[in-house]
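S.K.: Please read through the structure below; I'll follow up with questions.
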Amino acid sequence: MSGPSLNIADDIREILITSEAIRERTAELGAEISRDYAGKDVLLVCVLKGAMVFMADLMRHITIPVCIDTIAVSSYGAATVSSGVVRIVKDLDAPVADKHVLVVEDIVDSGLTLSYLRNYLFNRKPASVRICTLLDKPERREVSITPDYCGFVIPNHFVVGYGLDYQERYRNLPFIGIPHDYVWASNHNNHKQ
Ligand code: 5GP
């Protein structure tokens with residue numbers, strides 16, 4: 001095979017986490033968050049674009065009242081490696097002062113993006129800032145950051161699907177998978193966000 005397939009699932013070498021497993025775990029996290037934040041003024045902050053699928057499912061498993069907002073960050077540097085230099089591409093719509101902020105992220109890798117984001121949010125005087133990530137790759141950590149809620153700890157592979165992309169593709173896969181090697185050789189002329 002020389003390039004990416006028309007059916008994006010054909011580009012996947014291995015399914016790491018099935019959609020059933022994601023659904024079950026997301027329901028557990030939603031229940032846990034509902035218990036932990038009961039009676040608090042909660043703001044869920046979705047980190048675009050990678051966390052949008054997870055956020056959409058997670059929030060429907062949260063039974064307490066919550067507000068939502070979105071933020072988009074972009075890291076300078078190579079496509080699949082975080083440089084640690086983060087730029088806010090789209091800021092929050094509303095102030096976070098005195099709110100209990102729960103950042104919803106797709107994956108924590110080096111931790112540099114979340115570490116920056118956490119400080120950025122802390123400076124706006126919220127009541128608290130915690131992190132909920134679908135995936136965690138602790139082997140790759142460069143800064144000390146531990147998610148408060150984590151769906152799955154995964155080994156050091158570049159994964160796609162369920163919101164996560166490679167060159168903007170594969171976000172619409174319903175599972176988390178590892179692409180075939182030929183995918184890395186293809187160029188879709190897009191940049192990563
Ligand atoms: P960090 O700053 O923790 O190194 O990087 C976090 C960001 O890098 C994630 O939000 C995600 O956009 C991207 N990233 C890290 N690992 C992966 C991966 O395995 N697959 C995809 N698609 N993106 C990743």
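S.K.: Could you give the Stokes-Einstein D for the chain in µm² per second, using the C-alpha Kirkwood radius, 20 °C, 1.002 mPa s?
M.R.: Here the translational diffusion coefficient equals 125 µm²/s.
S.K.: For the chain, which span is the longest to avoid every loop-located (per DSSP) member of GluC sites (Glu not before Pro) having at most 16 other Cβ atoms inside 10 Å?
M.R.: On the way: sites that count: Glu142, Glu168.
Longest gap between qualifying sites, sites excluded: 1-141.
S.K.: Express the carbon and sulfur contribution to the solvent-accessible surface of the chain as a percent, rounded to the nearest whole number, probe 1.4 angstrom. Mind dumping the intermediate values first?
M.R.: Working: 4760 of 9370 Å².
Using a 1.4 Å probe with all protein chains present, the chain comes out at 51 percent carbon and sulfur.
S.K.: Accessible surface of Val53 in the full protein assembly, 1.4 angstrom probe, to the nearest 10 Å²?
M.R.: Answer for Val53: close to 50 Å² accessible.
S.K.: Sticking with this one: Tell me whether segment 7-115 comes out rounded, prolate or oblate; compute the Cα gyration tensor, take square roots of the eigenvalues as a ≥ b ≥ c, and use a/c under 1.5 as the rounded threshold.
M.R.: oblate
S.K.: Per residue, how large is the accessible surface of segment 104-152? Use a 1.4 angstrom probe and give square angstrom.
M.R.: 43
The values are calculated or read from the model by the stated rules, or taken from the named source; none is laboratory data. All figures in this text were calculated on a predicted structure; none of them were measured in a lab. Virtual Cβ from ideal backbone geometry, glycine too; neighbours counted across all protein chains shown. SASA here: full protein model, heavy atoms, side chains in, ligands and nucleic acids out. Shrake-Rupley method; radii C 1.70, N 1.55, O 1.52, S 1.80 Å.
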